[in-house]
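Following: one structure in structure tokens, then a few remarks.
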Amino acid sequence: MAKTATRRRKTSARSKGRGGGSALPWTIIGVIAVGGIAIYDNWKSVKPMLAAHAPASIVSRPASVVRSEPARDSSQRQTASITAAPRMVPPAAVPIPAKAPVVPEKAIPVSISPTQAQTGKAAFGYCGQGEHINCVADGGTFWYKGEKIAIADVVSPGIETARCDNEKRLGFAAKLRLLNILNSGSFAMNPAGQPGKAGAPHVVSRDGLSIGMQMINEGLARKPGANGAWCA
């Protein structure tokens, strides 16, 4: 029993020693912390007291710790704002002005002196209701450059003034034949009198041969003043 009591006393003594030893460091740390806070808060009052017993380098107020932020990498690639390119709009169709209708140039009648011959050449057609420029009216009359020409050495059968069907038929045949002769090539026109209502009289020839005489020989015209009739 005595041994057991002795052991218990030793164990409790050890426990007290251990407990006291483990609390001591924390007590010292607490005192130091409280003293440091008090010195920091009353630094202006404490500094003169320390200055008399410590070097100046020690007495100087501890520099405040400045947090250093990590330097930003200046070489970071800046992302440029990309602006969407404007959509290309095709230009509006340019209206093309319509071509103005071609107006045929009005031919000016050519005045021919009685002693002057003229060489003519053109594409002839039949005279209609429009303006007469280069066209054939009947077997003895045509327009050349707007001037009415009457073949002076023939009398041709009438068309509008025909007195019978035979004369009218011969009139159309003579008109067609004169059209073909004039379109066959160039021809000469020699004035043969003063212009009148029937036109300016000319002797029309080609290669020295009278076109009027050719029409007479083919039975499509007759000489002026000759006896005969187109109607039987």
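The values are calculated or read from the model by the stated rules, or taken from the named source; none is laboratory data. Remember, it's a predicted structure, so these values are computed and weren't measured experimentally. Heads up, the Cβs are rebuilt from the backbone with ideal geometry, glycines too, and the neighbour counts pull from every protein chain shown. Note: areas computed on protein heavy atoms with side chains; ligands, DNA, RNA excluded. Shrake-Rupley method; radii C 1.70, N 1.55, O 1.52, S 1.80 Å.
Whole angstrom only: what separates the Cα centroid of segment 217-232 from the Cα centroid of segment 117-159?
For segment 217-232 versus segment 117-159, the Cα centre distance is 20 Å.
Ignoring everything but the protein chains, give the 1.4 Å probe accessible area of Val34 in square angstrom, nearest 10.
100 Å²
Among the listed pairs Lys148/Lys223; Lys121/Lys168; Lys145/Lys168, which are separated by more than 23 Å between their Cα atoms? Could you put the intermediate results ahead of the total?
Details: Lys148/Lys223 20 Å; Lys121/Lys168 28 Å; Lys145/Lys168 27 Å.
Those over the limit are Lys121/Lys168; Lys145/Lys168.
As an exercise, use a Förster radius of 22 Å and the Cβ-Cβ distance of Ala229 and Leu176 to find the FRET efficiency, rounded to the nearest 0.05.
Working: r = 22 Å, r/R0 = 0.99.
For R0 = 22 Å, the calculated efficiency reads 0.50.
For the full complex of protein chains and a 1.4 angstrom probe, list Leu170, Leu176 by accessible area with the highest value first. Don't skip to the end; give the middle numbers.
On the way: Leu170 30, Leu176 80 Å².
The ordering from most to least exposed comes out as Leu176, Leu170.
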